[in-house]
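Written out below as structure tokens is the structure these notes cover.
The values are calculated or read from the model by the stated rules, or taken from the named source; none is laboratory data. For clarity, every value in this text was computed on a predicted model and none was experimentally measured. Here the Cβ is made from the backbone with ideal geometry for all residues, glycine too, and neighbour counts use every protein chain on show.
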Amino acid sequence: MSQSNVVGVGFVGCGNISGPYADTMQKHSERLRIVGAFDINQEAAAAFAANYGCTQYGSLDELLDDEAVEVGLNLTVHLAHAGVTQTLLAGGKHVHSEKPLAATREDGQACLSLAAEKGLLLGCSPFVILGEAQQTLKRAIADGMIGEVREVYAEMNWSRIEYWHPAPAPFYGEGAGPLLDVGCYPLSVLIQILGSVRAVRAMGGVRLPERTIGSGPRAGQAFTATNPDHTVALLEFASGAHGRLTASFFAVKSAQAGIEVHGTEGSIRMDQVPSFNAKLQMCKPGEREWTDVPYIAEPFPGVEWARGLLDMASALRDGTPLTCPGEAAYHVLDISLAAFEAAETGGTVEVESTFEPTG
């Protein structure tokens, strides 16, 4: 493959997740190249640049001026996502952003509009539908293996992340919380399989406001959760299917995880959502036990973080549509914000946006 087929990527944000992205990107050097990195924490950027042999930018403008950077990878904190994405797009770069796309509908729409205006690609996590287990689940349902889907259950009980994360406070603030931070994983998978959600009901709130950091240099410091740390949402899909989603940073430990999809001719479950090698099992009417479902391809062990960027590289070089475009991320954001509103009002909130998956 010629060098012209390699897509140059500039990192914006060199925190915890930048390493897994970079490590998996290096295994696809025929398609992706780490050109450079910027972080407002220059020490973090310097360490990243030294580790991966790339340029350290002293400012975001320096990254924008580098013609070798074709895609900006936005790995900043939650509330910075929309602003950084818009800056990258305005500077002529395609963008892949970590989730959420934005904290508000207005900012999310601004990102989509700017990408369209500039004729640039905007992709956004979660991209886990690209995993082998998730593709197997999608194929099984599309092939009618469980008949017509009527009910879906999804669980993301992610424990109290301050126990292990050295800087957990932003995960409990505006633009975050478990629904936006981890509930987005099953939501993104489900809309890729079942299509749009048209209405939401929900219960939730801040169940444990006072939190204490349990690891790292700030261990022992207290902080306050201000965004809901536990949400249970009821989803009405445009297809007629109903869903229940739990997303929690409150439950200390839970045996409930993954996705179950129940149809007229059987049930299928995936034992966890993010991992590409999640276990899949099926049960047909009249059967008592689950049976394993074979993968459509040998699965990557865990999450291959470069997968979303590889999807973008295919779109840029081969002209294939993005599987995980900004429109999908916006629909997930819209559903999540509707769930917050429904929990506050006790009513049903209509979801105005739509998303139709490709393939």
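Results, tabulated for the structure shown:
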read-out: Odd one out for residue 2 among (1) at pLDDT 95 or above; (2) surrounded by fewer than 23 Cβ atoms within 10 Å (Cβ to Cβ); (3) more than 20 Å from residue 307 (Cβ to Cβ); value: (1)
read-out: Residue within region 143-159 that is touching a strand residue (DSSP E or B) at 6+ places or on another chain (Cβ under 6 Å), modelled with pLDDT of 95 or more and on the phi > 0 side of the Ramachandran plot present; value: yes
read-out: When residues of region 247-299 are limited to those that are more than 21 Å from the chain's Cα centre (by Cα) and among the hydroxyl-bearing types (Ser, Thr, Tyr), the one farthest from residue 164 (Cα to Cα); value: 264
read-out: From the options 218, 269, 211, 317, residue that is basic (Lys, Arg) and part of a loop (DSSP other than H, G, I, E, B); value: 218
read-out: Condition met for residue 185 (farther than 23 Å from residue 264 by Cβ and surrounded by fewer than 22 Cβ atoms within 10 Å (Cβ to Cβ)); value: no
read-out: Residue that is surrounded by the fewest Cβ atoms within 10 Å (Cβ to Cβ) [pool: residues in region 95-118 that are touching a residue at least 40 places away in the same chain (Cβ under 8 Å) and part of a helix (DSSP H, G or I)]; value: 105
read-out: Single residue of 49, 68, 80 found to be buried (at least 17 other Cβ atoms within 10 Å of the Cβ), of a type in the set (A, V, I, L, M) and farther than 30 Å from residue 104 by Cα; value: 49
read-out: Pairs, first within 17 Å of residue 27 (Cα to Cα) in region 288-312, second of a type in the set (Asp, Glu), C-beta under 9 Å, six or more apart; value: 298/132; 299/132; 300/132; 305/23; 306/23; 310/304
read-out: Qualifying residue in region 201-223 (condition: within 21 Å of residue 176 (Cα to Cα), of a type in the set (S, T, N, Q), in contact (Cβ under 8 Å) with a residue 12 or more places away in the chain and in contact with a Leu (Cβ under 9 Å, 6 or more places away or on another chain)); value: no
read-out: Members of region 206-259 found to be surrounded by 17 or more Cβ atoms within 10 Å (Cβ to Cβ), of a type outside the set (A, V, I, L, M) and closer than 30 Å to residue 286 by Cβ, listed by number; value: 236, 237, 243, 246, 258
read-out: Conditions (1) of a type in the set (Phe, Trp, Tyr); (2) farther than 30 Å from residue 94 by Cα; (3) in a helix (DSSP H, G or I); number of the one not met by residue 295; value: (3)
read-out: Test: residue in region 322-340 that is touching a His at 6+ places or on another chain (Cβ under 8 Å) and not hydrophobic (A, V, I, L, M, F, W, C); value: no
read-out: Given (1) farther than 29 Å from residue 237 by Cα; (2) out of contact with any Gly (no Cβ under 7 Å at 6 or more places or on another chain); (3) surrounded by 23 or more Cβ atoms within 10 Å (Cβ to Cβ), number of the condition residue 162 does not satisfy; value: (2)
read-out: Number of the exception - residue 47 against (1) under 24 Å from the mean Cα position of the chain (by Cα); (2) more than 18 Å from residue 8 (Cα to Cα); value: (1)
read-out: Members of region 241-266 found to be in contact (Cβ under 8 Å) with a residue 40 or more places away in the chain and part of a loop (DSSP other than H, G, I, E, B), listed by number; value: 241, 249, 250, 251, 252, 253, 254, 256, 264, 265
read-out: Some residue of region 317-338 being surrounded by fewer than 18 Cβ atoms within 10 Å (Cβ to Cβ), modelled with pLDDT of 95 or more, β-branched (Val, Ile, Thr) and under 28 Å from residue 211 (Cβ atoms); value: no
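Rundown of residues vs (1) buried (at least 18 other Cβ atoms within 10 Å of the Cβ); (2) in contact with a Pro (Cβ under 9 Å, 6 or more places away or on another chain); (3) assigned by TED's automatic domain parsing to the domain that holds residue 161; (4) in contact (Cβ under 8 Å) with a residue 40 or more places away in the chain, yes/no style:
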residue	(1), (2), (3), (4)
18	yes, no, no, yes
21	yes, no, no, yes
25	yes, no, no, yes
29	no, no, no, no
34	yes, no, no, no
39	yes, no, no, no
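Let's see how each residue does on (1) under 14 Å from residue 229 (Cβ atoms); (2) assigned to a loop (DSSP other than H, G, I, E, B); (3) in the same structural domain as residue 215 (by TED's automatic domain parsing):
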{"site": "140", "(1), (2), (3)": "no, no, yes"}
{"site": "146", "(1), (2), (3)": "no, yes, yes"}
{"site": "151", "(1), (2), (3)": "no, no, yes"}
{"site": "156", "(1), (2), (3)": "yes, no, yes"}
{"site": "167", "(1), (2), (3)": "no, yes, yes"}
{"site": "171", "(1), (2), (3)": "yes, no, yes"}
{"site": "179", "(1), (2), (3)": "yes, no, yes"}
{"site": "187", "(1), (2), (3)": "no, no, yes"}
{"site": "200", "(1), (2), (3)": "no, no, yes"}
